[in-house]
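Asks: The structure under discussion is supplied below as structure tokens; questions concerning it will follow.
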Amino acid sequence: MDKSVIRFSHCGRNIYCFSIPERCPQCGVGLGGRRLEEAPVSIPSPFSNGHKALCSFLIAPTEGHFVREFDGGSDLHTGITDTNVVYNYTKTGVRRDEYGWERCISIPLVQPDMYNLINQWDRYLDKFSSAHMWDTQWQFDEEKHNCYNFTLTFINCVLATEHKRALSKDEFTNAFVLPRIKRASKYSVLCREIAENHF
Ligand SMILES: [Zn+2]
């Protein structure tokens, strides 16, 4: 689904392509047999399949395909995965999605060796999602009671069970969310440029 981006150096520039071309697209010099100034590097995609991400925080556009929609202007939606579905809070209450998060930003919330937490995770998340405060009769609020509050409140509940301090919305956003959104946004722009101009 995602073409991987390759970066190489030639004629003093960093050049980004989906594959190494026969000629440098900037200066037109053939690359065959010539050594590139440094080994080409593949740039990993910031997107992954959220349904395969265990115990993670996910960010995806509200609708549509991420690479097109993710331009800094589209609304973003967040969720938390258990071992097989994505829990997310919407105007109709908590949803348990089995598909639809195939291409998103995924941030793991547990270390692989946190066995106790991983074992309890599904139960925690299910119990948390069933709480009265996420009922549909509570008004979903764009500012104060939305998907982001749902995910951050859950993360803070998990931190509390681990005897760790809660994160404020700003701390969480600045430390974990914004850097990844910026990277995803740059990557999307890069892919669009390459698709249009070949490099
Ligand atoms: Zn060149």
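Asks: Which lysines does Lys182 reach when only Cα atoms under 28 Å apart count, and residues fewer than 8 places away in its own chain are ignored?
Replies: Lys3, Lys52, Lys91, Lys144, Lys164, Lys169
Asks: May I pose another question? In sequence order, what are the phi-derived ³J(HN,Hα) couplings for the range 80-95 according to the Karplus relation 6.51 cos²θ - 1.76 cosθ + 1.60 with θ = phi - 60°, rounded to whole Hz, with x for glycine and proline?
Replies: In residue order, the calculated couplings are 10, 9, 9, 8, 8, 10, 10, 7, 8, 9, 10, 4, 9, x, 7, 9 Hz.
Asks: Could you work out [θ]222 nm for the chain from helices alone, using -39500 (n - 2.57) per DSSP H run of at least four and dividing by all its residues? Round to the nearest 500 deg cm²/dmol.
Replies: Working: 5 runs with 58 residues, N = 199.
Value at 222 nm, helices only: -9000 deg cm²/dmol.
Asks: Under the rule a/c < 1.5 gives rounded, and otherwise a/b versus b/c splits prolate from oblate, where does the range 50-183 land using the Cα gyration tensor?
Replies: Working: a/c = 1.36, a/b = 1.19, b/c = 1.14.
The shape class here is rounded.
Asks: To continue, here is another question. For the range 159-166, take each phi angle, set θ = phi - 60°, evaluate the Karplus expression 6.51 cos²θ - 1.76 cosθ + 1.60, and give the result in whole Hz per residue in order, putting x for glycine and proline.
Replies: Values, residue by residue: 4, 5, 5, 8, 6, 10, 5, 6 Hz.
Asks: Still on this structure, please answer the following. Calculate one ³J(HN,Hα) per residue across the range 144-158 by plugging θ = phi - 60° into the Karplus curve 6.51 cos²θ - 1.76 cosθ + 1.60, and present them in order as whole Hz with x for glycine and proline.
Replies: 10, 9, 9, 4, 6, 5, 4, 5, 5, 4, 5, 4, 5, 5, 5
Asks: Rounded to the nearest 0.05, what FRET efficiency do Leu31 and Arg183 give with R0 = 30 Å and r taken as the Cβ-Cβ distance? Could you check? Before the final figure, lay out the partial values.
Replies: Values: r = 28 Å, r/R0 = 0.94.
The pair Leu31/Arg183 has a calculated efficiency of 0.60.
Asks: Ok, one more. Quick one: which residues, 5+ away or cross-chain, put their amide H under 5 Å from the amide H of His77? H built at 1.01 Å from N.
Replies: Ala60, Thr62
Asks: Using only alpha carbon pairs under 8 Å that are at least six residues apart, calculate the relative contact order of the chain and give it in whole percent.
Replies: Working: 276 pairs, mean separation 42.8, N = 199.
Normalised by residue count, the contact order of the chain is 22 percent.
Asks: May I ask for the angle, rounded to the nearest 10°, between helix 115-129 and the longest principal axis of the chain, with both axes built from Cα atoms and the value confined to 0 to 90°?
Replies: 70
Asks: Order of 149-158, 182-191 by packing, highest average Cβ count within 10 Å first?
Replies: Values: 149-158: 19.1, 182-191: 15.8.
Packing order, densest peptide first, comes out as 149-158, 182-191.
Asks: Next question. What number comes out for the charge environment of Tyr16, summing +1 per Lys or Arg and -1 per Asp or Glu over other residues with Cβ under 13 Å away? If you can, show how the numbers build up before the last one.
Replies: Values: positive: Lys3, Arg7, Arg13, Lys186, Arg192; negative: Glu193, Glu196.
Every neighbour counted, the sum reads +3.
Asks: List every residue whose amide H lies under 5 Å from the amide H of Tyr89, counting only residues 5 or more places away in sequence or on a different chain, with H placed 1.01 Å from N in the peptide plane.
Replies: Amide H neighbours of Tyr89, under 5 Å, 5+ apart: Arg95.
FYI, it's all coordinate maths here, none of it is from the lab. All values reported here derive from a predicted model rather than from experimental measurement. Because the Cβ atoms are built from the backbone with ideal geometry, glycine has one as well, and the counts that use them run over all protein chains shown.
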